[in-house]
1. Out of everything in the stretch 134-185 that is free of Cβ contacts under 8 Å to residues at least 40 places away in the same chain and either part of a helix (DSSP H, G or I) or of a type in the set (S, T, N, Q) (or both), what residue ends up being surrounded by the most Cβ atoms within 10 Å (Cβ to Cβ)?
2. Please go through the stretch 406-418 and pick out each residue that is assigned to a helix (DSSP H, G or I), more than 15 Å from Glu472 (Cβ to Cβ) and of a type outside the set (Phe, Trp, Tyr).
3. Give the residues of the stretch 422-433 that are surrounded by 24 or more Cβ atoms within 10 Å (Cβ to Cβ) and either β-branched (Val, Ile, Thr) or without any contact (Cβ under 8 Å) to a residue 40 or more places away in the chain (or both), sorted by residue number.
4. Which residues, taken from the stretch 213-248, are of a type in the set (Phe, Trp, Tyr) and surrounded by fewer than 24 Cβ atoms within 10 Å (Cβ to Cβ)?
5. Could you tell me which residue of the stretch 110-124 is nearest to Thr153 (Cα to Cα), considering only residues that are aliphatic (A, V, I, L, M) and without any contact (Cβ under 8 Å) to a residue 40 or more places away in the chain?
6. Applying the selection to the stretch 466-494, what residues are within 30 Å of Asp167 (Cα to Cα) and either outside any helix (DSSP H, G or I) or modelled with pLDDT of 80 or more (or both)?
7. How many residues does the stretch 344-362 hold that are farther than 30 Å from Asn386 by Cβ and buried (at least 18 other Cβ atoms within 10 Å of the Cβ)?
Amino acid sequence: MSSSLGNSRDHLSADNAPPSRGKITGYLSVAVFSAIMGSVQFGYNTGVINAPEKKIKDFMNESHTYRYDTPIDENTQLNLYSLLVAIFAVGGMLGGLMAGWWADFFGRKFGMLLNNAFAFAAGGLFFFSREAHSYEMIIVARLLIGFNCGLYTGLTPLYLTEIATADIRGALGTLHQFGVTIGIFLSQILGFPEIFGNGEYWHILLGLCVAPSALQVFTMPFCPESPRYLLLTKEKENDAMNALVKLRGTSGVDDDLNEMRQEHQAMQSEKKIGILHLLKKKSLRMPLVISIVMHLSQQLSGINAIFYYSFKLFTSAGISDDLAAHATSGIGGIMLVMTLITIPLMDRIGRRTLHLTGLAGMFVFSILITITLSFTDKVPWFDTANVVVSLVYVVFFAMGPGSIPWMIVAELFTQGPRVSAMSISVLINWACNFAVGYVFPIMQKELNNFSFLPFTAFLLLFWIFIYVYLPETKNRTFEDIASSWNKSQSEAGNPQAKYIPTEDTAIVEFQQQQRSNR
């Protein structure tokens, strides 16, 4: 298999076609569209449980009465509903942990296709749960769709990152979050009481998770496999070249192949790094810690409290049910618009600046959420103010923390440890997702109007850490970023030494790498 490496060099050298940097081709567009159906799936199932909360609780009570001739008690109902919400994240943890192995064993393309089986199974359980008078079917379906989304949170950013050139990698990486926001927005619109968010059609609302999967099943077969996976993992250079030619729209793909060959040569000097090995490897400890903290800063920012429970949050501030349902859709709409705005900014302003700005804004507005909740009974217009500050809080989340953690892990590691680092980071992300989903209703009950204060404290701590340790990665090759860690460690003689390149040093190092490539 490795003998195929280098077979295409003569063919390429004879081809004088110019390289294509940042060109959006038909194949690339279809590949991106198909891949982000997994992101849409993740977003849809994150937001879909919000609006029909009361209807599902009523269904639980009706089902319990139907089976046992007695209504369900309030504490049992609360615990069961918290489990129904949070078990989505349990499935996500399992899927996230397996994402790296799944991506390497099945490949990025076939791995995504195969993953749709779990979504179709979950959709069937959702559709028929009402007829079967079984809230247990909903819980199992949430577990299955969580596993599906957990795999997608590893597979989709990985695929998008690997099919992009360095100059549009940030933009394509942001499209994962764009897909998530589309899913959230759709779930909120379809969850309006006049559409599916009512006592008659809520099970259809949940079961529509089959729609993104159906679109991906129809489109993914026409997409090329990740060329980086084909060359670096499967050692099939001819297949990688063909995939690159399709994606770039030109046969001048020498630069891409040369970069991957260099990374492949570097990989030969070390064995493939599994999760346990990665955790023990001192030279990779700092990028791994940064990756984990980036995902913690996303999930422990309090955003999932907004996604899962904004309807209840708004009604507790004195807003009517109908207005709360429509205000909740504003969250999805703002996420959608802001993510579109950040796509071109990602490769101009940079990941580090956008993420820090987002965390700082969330810190300020999480304090304002607490203030407006606390004084709603004393200041009449604070119920409206609570909705406004919550929406601005979401604006800052969409600016950076919503998308950057998913792409930064793939950028901080070379191919060897990349999938293991993705698995660990995604597992941490989903574990925190579960914790917030399960604990926040209890926090609301115990802390009442001060339930957002723990998130405020976390946001401050994350901002400080990321300001100190996160390097800028825009417009830099994977090998260049990885060599930064090695350089900083060899100079400092400290395996955990931090490396904080300025934009100027990053450009100099990038130019040096390009010159060495030539």
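The values are calculated or read from the model by the stated rules, or taken from the named source; none is laboratory data. None of the values given here were measured: they were computed from a predicted structure. Because the Cβ atoms are built from the backbone with ideal geometry, glycine has one as well, and the counts that use them run over all protein chains shown.
1. Selected residue: Met137.
2. Of all residues in the stretch 406-418, those assigned to a helix (DSSP H, G or I) come to 406-412, 415-418.
Now narrow it down to the ones that are more than 15 Å from Glu472 (Cβ to Cβ): 406, 409-410, 415-418.
Within the stretch 406-418, Val409, Ala410, Gln415, Gly416, Pro417, Arg418 meet the criteria.
3. If the condition is that a residue be surrounded by 24 or more Cβ atoms within 10 Å (Cβ to Cβ) and either β-branched (Val, Ile, Thr) or without any contact (Cβ under 8 Å) to a residue 40 or more places away in the chain (or both), then Val426 is the only one that fits.
4. Result: Phe218, Phe222.
5. Initial filter on the stretch 110-124 (aliphatic (A, V, I, L, M)): 112-114, 117, 119, 121-122.
Going one step further and asking which of them are without any contact (Cβ under 8 Å) to a residue 40 or more places away in the chain, we end up with 114, 117, 121.
Numbers: Leu114: 15, Ala117: 16, Ala121: 19 Å.
Filtering first and then ranking leaves Leu114.
6. Ile466, Tyr467, Val468, Tyr469, Leu470, Pro471, Glu472, Thr473, Lys474, Asn475, Arg476, Thr477
7. So the answer is 5.
Let's see how each residue does on (1) farther than 27 Å from Asp167 by Cα; (2) over 19 Å from the mean Cα position of the chain (by Cα); (3) surrounded by fewer than 19 Cβ atoms within 10 Å (Cβ to Cβ); (4) of a type in the set (Ser, Thr, Tyr):
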position: Val364; (1), (2), (3), (4): yes, yes, yes, no
position: Leu412; (1), (2), (3), (4): no, no, no, no
position: Val419; (1), (2), (3), (4): no, no, no, no
position: Ala435; (1), (2), (3), (4): yes, no, yes, no
position: Lys445; (1), (2), (3), (4): yes, yes, yes, no
position: Asn448; (1), (2), (3), (4): yes, yes, yes, no
position: Leu460; (1), (2), (3), (4): yes, yes, yes, no
position: Ile464; (1), (2), (3), (4): yes, yes, yes, no
